[in-house]
1. Could you say whether any residue in region 390-399 is within 21 Å of residue 329 (Cβ to Cβ) and not in a strand (DSSP E or B)?
2. Let me confirm something: among 294, 255, 321, which residue is assigned to a strand (DSSP E or B) and either over 25 Å from residue 233 (Cβ atoms) or acidic (Asp, Glu) (or both)?
3. Report yes if residue 398 is in contact (Cβ under 8 Å) with a residue 24 or more places away in the chain and surrounded by fewer than 16 Cβ atoms within 10 Å (Cβ to Cβ), otherwise no.
4. Out of 381, 422, which single residue is farther than 22 Å from residue 354 by Cα and surrounded by 13 or more Cβ atoms within 10 Å (Cβ to Cβ)?
5. Counting only residues that are of a type in the set (Asp, Glu), within 16 Å of residue 256 (Cα to Cα) and free of Cβ contacts under 8 Å to residues at least 24 places away in the same chain, how many does region 284-325 have?
6. Spot the failing condition for residue 389; the list is (1) buried (at least 19 other Cβ atoms within 10 Å of the Cβ); (2) over 28 Å from residue 301 (Cβ atoms); (3) at pLDDT 95 or above, and only one is missed.
7. Which is among the acidic types (Asp, Glu), in contact with a helix residue (DSSP H, G or I) (Cβ under 9 Å, 6 or more places away or on another chain) and either at pLDDT below 90 or loosely packed, with under 11 Cβ neighbours inside 10 Å (or both), of 214, 209?
8. Looking at (1) modelled with pLDDT under 95; (2) within 30 Å of the chain's Cα centre (by Cα), which is the one condition that is false for residue 398?
Amino acid sequence: MPVPVPRQRAIPAVECDQVPPVSHGGGPSAAPAPHREAPKPKEPTVEKDNRHGGHPSTNLTLLLIEDDPGGSTIVPEMLDAAGKPIRVRTARNLTEAGRLLTDDVHCILLDLALPAPGRSGASGSGEDDELAVLKHVLELAPRHAVLALTASGDAERGAQAVRVGAQDYLFRDELDGRLLSRAIRYAVERKRSDTAERRLAEGRLRAQENRRLERGLLPTPLLDGSMLHFAARYRPGRSRALLGGDFYDAVRTPDGTVHAMIGDVCGHGPDEAALGVELRIAWRALTLAGLCGDELLNTLQQVLEHERADDEIFATLCTVDIAPDGRRAGLCLAGHPSPLVVTPGRPARLLPYDNNGPALGLLPGARWPRTQVELGAEWSLMLYTDGLIEGRIGADGERLGQDGMLEMVRRQLSQGLRREELLRAAVNEVRELNGGELTDDVAVVLLDREP
């Protein structure tokens with residue numbers, strides 16, 4: 001009777017902890033029918049998976065690959081941990097093994113005396129031939145447990161098989177049911193453990209690569225030769241992420257003008273983070289090419305419209321260009337909160353935002369007026385995203401808002417906090433007022449000019 005070949009599926013039982021259902025007559029199992037009185041059923045048909053005999057379907061399935069032409073039984077009767085018989089399928093060559101190697105196979109028992117691929121007759125003598133057989137099986141079944149079967153007393157051959165990738169080795173002349181059953185269960189569990197450990201290591205490696213990539217995507221300001229001091233604070237809202245949808249940058253052009261910007265792509269996922277990086281890089285390239293104000297923002301909107309995954313995605317943006325003498329600045333707002341400025345003798349205040357244009361990606365053909373601002377000889381300019389002002393405060397869940405932020409920054413300045421210390425204190429206090437981690441990304445940039 002031909003060996004039944006189950007339908008191929010994607011994941012082997014050893015990897016997904018799948019337990020084949022009990023079936024009768026070799027067919028697939030069906031859902032249990034409601035209990036009712038019925039005539040006594042006939043005896044179930046016993047599935048004949050092994051050419052030397054058969055067992056009913058069980059929890060464990062072993063694929064034996066051996067080339068014994070005489071058909072002598074080398075696998076004794078075996079029981080799993082629950083006392084059920086272990087089903088055995090037998091393949092006489094690697095081609096037949098490939099057909100029988102389905103996802104419900106838990107373990108492979110490979111006879112190392114099997115001829116190597118591409119050779120005829122028994123191998124038996126060459127070490128390379130026997131290892132080639134094992135390597136071929138490991139390539140054929142990378143996610144299945146493998147037991148190597150070798151001649152009695154040839155422990156070195158078995159140890160070498162384990163080094164190549166088998167889970168364990170057994171001596172051909174010393175097989176008994178209890179030993180083999182235990183070896184199969186051990187091999188299956190060890191393969192599962194190895195697979196889990198490999199996946200964990202791969203996950204850690206991917207996480208490390210992602211962290212390195214995200215760190216590389218954070219900007220390095222180009223301010224060589226400028227009298228301004230630059231500081232920034234960045235905190236993504238995504239758990240365990242280093243990069244969110246907020247973005248910022250600062251560059252100094254050859255004429256001595258310092259350009260700075262901060263922006264926010266709606267959303268918090270990796271797609272939004274990638275779009276933020278694209279907009280930041282585009283802004284730097286366009287700024288270094290000489291664009292600014294309305295012309296620059298119009299070009300950035302075209303970039304956003306081309307790169308976004310959905311037509312509803314938009315981005316807010318604030319740009320400032322500070323004159324070479326450091327006393328004046330041009331301000332453009334695209335749906336973004338106005339910057340905060342601090343000058344001697346005056347409390348922290350917001351720059352004018354009457355000419356705030358729409359966010360990028362909302363209105364085709366929109367315009368973004370540029371507002372001229374007088375800064376003076378000494379000042380601090382703080383650009384921020386809405387994550388800094390939208391945190392909750394108090395038991396009623398009220399937002400901090402720009403007024404709350406102004407009050408907080410004024411108090412921190414009165415305590416003598418400046419530059420990096422000021423940004424760190426501001427972000428930490430907003431988080432504390434929120435009662436825990438902020439759900440939105442937070443980016444803050446501070447530019448200082450001292451006489």
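The values are calculated or read from the model by the stated rules, or taken from the named source; none is laboratory data. Keep in mind it's a predicted model, so treat the numbers as computed, not measured. Counting neighbours? That spans all protein chains shown, and the Cβs are built from the backbone with ideal geometry, glycine included.
1. Let us first name the residues in region 390-399 that are within 21 Å of residue 329 (Cβ to Cβ), namely none.
Scanning region 390-399, I find no residue that is within 21 Å of residue 329 (Cβ to Cβ) and not in a strand (DSSP E or B), so the answer is no.
2. Numbers: 294 fails: assigned to a strand (DSSP E or B); 255 fails: assigned to a strand (DSSP E or B).
Residue meeting the stated conditions: 321.
3. On the way: in contact (Cβ under 8 Å) with a residue 24 or more places away in the chain: no; surrounded by fewer than 16 Cβ atoms within 10 Å (Cβ to Cβ): yes.
No: the conditions fail for residue 398.
4. Details: 381 fails: farther than 22 Å from residue 354 by Cα.
Selected residue: 422, the only one of 381, 422 that is farther than 22 Å from residue 354 by Cα and surrounded by 13 or more Cβ atoms within 10 Å (Cβ to Cβ).
5. Residues in region 284-325 being of a type in the set (Asp, Glu), within 16 Å of residue 256 (Cα to Cα) and free of Cβ contacts under 8 Å to residues at least 24 places away in the same chain: 1 in total.
6. Unmet condition: (2).
7. Values: 209 fails: in contact with a helix residue (DSSP H, G or I) (Cβ under 9 Å, 6 or more places away or on another chain).
Going through 214, 209 in turn, just one is among the acidic types (Asp, Glu), in contact with a helix residue (DSSP H, G or I) (Cβ under 9 Å, 6 or more places away or on another chain) and either at pLDDT below 90 or loosely packed, with under 11 Cβ neighbours inside 10 Å (or both): 214.
8. (2)
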